[in-house]
Structure formats: C-alpha cells, structure tokens
1. State yes or no: is Asn32 open to solvent by 10 Å² or more (accessible area, probe 1.4 Å) and at pLDDT below 95?
2. Out of (1) touching a Pro at 6+ places or on another chain (Cβ under 6 Å); (2) assigned to a strand (DSSP E or B), the odd one out for His99 is which?
3. In region 116-153, how many are open to solvent by 20 Å² or more (accessible area, probe 1.4 Å), farther than 25 Å from Lys22 by Cβ and touching a residue at least 24 places away in the same chain (Cβ under 8 Å)?
4. For region 155-171, which positions are in contact (Cβ under 8 Å) with a residue 12 or more places away in the chain, surrounded by fewer than 19 Cβ atoms within 10 Å (Cβ to Cβ) and either in contact with a helix residue (DSSP H, G or I) (Cβ under 6 Å, 6 or more places away or on another chain) or assigned to a helix (DSSP H, G or I) (or both)?
5. Testing Glu56 on (1) in a helix (DSSP H, G or I); (2) crowded, with 22+ Cβ neighbours inside 10 Å, one condition comes back false. Which one is that?
6. Quick one: which of Tyr18, Tyr39 is open to solvent by less than 30 Å² (accessible area, probe 1.4 Å) and touching a Gly at 6+ places or on another chain (Cβ under 9 Å)?
7. Of the residues Ser136, Ser125, Ser164, which single one is in contact with a Lys or Arg (Cβ under 6 Å, 6 or more places away or on another chain) and hydroxyl-bearing (Ser, Thr, Tyr)?
8. Quick check on this structure: which one of Ile9, Ile16 is under 10 Å from the mean Cα position of the chain (by Cα) and closer than 14 Å to Asn108 by Cβ?
Amino acid sequence: MNEDIKLNIEKFKDVIHYVISKCGHKNNFTQNVLYKLLYFIDFDYYELYEESLTGEKYIHKFRGPVPIDFDEAINLLVNEKRIKENNDIVVTFPKITYHSLKEPSLDNLTQKELNVIEENILKLSDMSSAEISNYSHGDRPWRISDDNEELNYEAVFYRKPEYSVRDYSEI
C-alpha cells in the first residue's frame with residue numbers, strides 16, 4: 001500500500017518531541033491526542049507535498065489512526081531524557097501524558113515541515129481525546145480502511161473539503 005514510504009525514526013522522534021514541547025502543558029493532551037496530531041501532520045504534509053514527512057505508517061483502530069512505531073520512538077525519547085511519560089489512572093481508564101524535558105531539536109525539520117506541524121497544533125491540539133478521535137473518523141484514509149489495516153496515504157487526495165489542506169484550483 002505505502003511500500004515506497006520508509007520510516008525516518010530520527011525525524012519521527014523530532015516531530016513527536018516538538019509536538020510534546022508545544023502541547024504537553026495542556027490538560028487534554030493525552031497519548032490519543034498525540035496519535036491524532038501525528039496522523040494529521042503526516043497525512044496533511046503528504047497531501048500538500050506528495051511525500052511523507054516522517055515515513056511513519058498508521059493503522060486503523062477503533063478510536064482513530066495509531067502510529068505503528070510510536071512506542072519505539074517514545075521509548076527512545078524517554079531513554080534520551082528528552083521527554084517524560086506519565087501513566088495515571090482516571091476513574092478506571094489509563095491516562096498517558098507526556099512532557100518535554102528539554103528544547104526539541106529543529107535540525108531535522110524544514111520550515112515547510114514546521115509550518116504543517118504548527119498549523120495542526122493550532123487547529124487540533126485543544127480538542128479533547130473524544131473530539132479529536134471523532135474528527136479523525138471523518139477523514140477518508142481512516143474511513144476507507146478496516147480495523148487493524150494500514151491507512152493509505154494516497155486517500156488524502158480524495159478527502160472531503162473540510163479535511164483537505166491543498167488548494168486544488170491551482171493545479
């Protein structure tokens with residue numbers, strides 16, 4: 001499906017760290033919100049520039065898209081002492097949050113990549129976990145995939161106008 005897309009683990013870690021550094025202080029910022037932010041960053045970037053920002057692949061889960069290599073990247077960031085992971089229980093549900101321990105490196109990120117990241121943070125980072133999950137369920141890559149199936153980056157070219165980030169009138 002996305003055979004030509006290869007994970008750049010360093011860039012993926014840098015994007016995760018950057019998003020955590022910008023959003024980790026927010027009460028709504030949980031693992032699920034981070035998953036969806038990463039998804040929209042990668043898929044919006046692909047729609048705009050026809051290439052993957054991080055090379056990460058995402059799978060269809062009940063609550064929306066989930067990055068496949070997330071746990072590996074988070075563990076590396078924790079071991080490098082760049083972020084802290086907090087595991088709490090709220091009522092009976094696990095609540096996983098993240099906080100940045102140092103300034104994120106921007107060396108691997110271009111200005112156009114940072115622009116897409118910032119636009120998604122501005123647009124989506126204040127949504128609750130339920131709101132951002134519901135929002136992700138309307139995006140075509142998730143809608144046309146089945147449970148545990150990898151999401152197809154090419155589906156962004158068939159998004160509804162409210163999800164599309166590209167101006168197709170200029171093409």
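1. Values: open to solvent by 10 Å² or more (accessible area, probe 1.4 Å): yes; at pLDDT below 95: no.
Criteria not met by Asn32.
2. Among (1) touching a Pro at 6+ places or on another chain (Cβ under 6 Å); (2) assigned to a strand (DSSP E or B), the lone unmet condition for His99 is (1).
3. Initially, region 116-153 is screened for residues open to solvent by 20 Å² or more (accessible area, probe 1.4 Å), giving 118-119, 122-123, 126-131, 134-135, 137, 140, 142-144, 146-150, 152.
Subset that is farther than 25 Å from Lys22 by Cβ: 140, 143-144, 146-150, 152.
Of the ones still in play, those that are also touching a residue at least 24 places away in the same chain (Cβ under 8 Å) are 146-150, 152.
Counting residues in region 116-153 that are open to solvent by 20 Å² or more (accessible area, probe 1.4 Å), farther than 25 Å from Lys22 by Cβ and touching a residue at least 24 places away in the same chain (Cβ under 8 Å) gives 6.
4. Across region 155-171, the qualifying residues are Phe157, Tyr158, Val165, Arg166.
5. (1) is the only condition that Glu56 fails.
6. From the options Tyr18, Tyr39, the qualifying one is Tyr39.
7. Working: Ser125 fails: in contact with a Lys or Arg (Cβ under 6 Å, 6 or more places away or on another chain); Ser164 fails: in contact with a Lys or Arg (Cβ under 6 Å, 6 or more places away or on another chain).
Being in contact with a Lys or Arg (Cβ under 6 Å, 6 or more places away or on another chain) and hydroxyl-bearing (Ser, Thr, Tyr) holds for just one of Ser136, Ser125, Ser164, which is Ser136.
8. Ile16
The values are calculated or read from the model by the stated rules, or taken from the named source; none is laboratory data. Just so it is clear, the structure is predicted and the values come from calculations on it, not from any experiment. Glycine also receives a Cβ, built like all others from the backbone with ideal geometry; neighbour counts cover every protein chain displayed. Accessible surface is based on the protein model in full, side chains and every heavy atom, while ligands, DNA and RNA are left aside. Shrake-Rupley method; radii C 1.70, N 1.55, O 1.52, S 1.80 Å.
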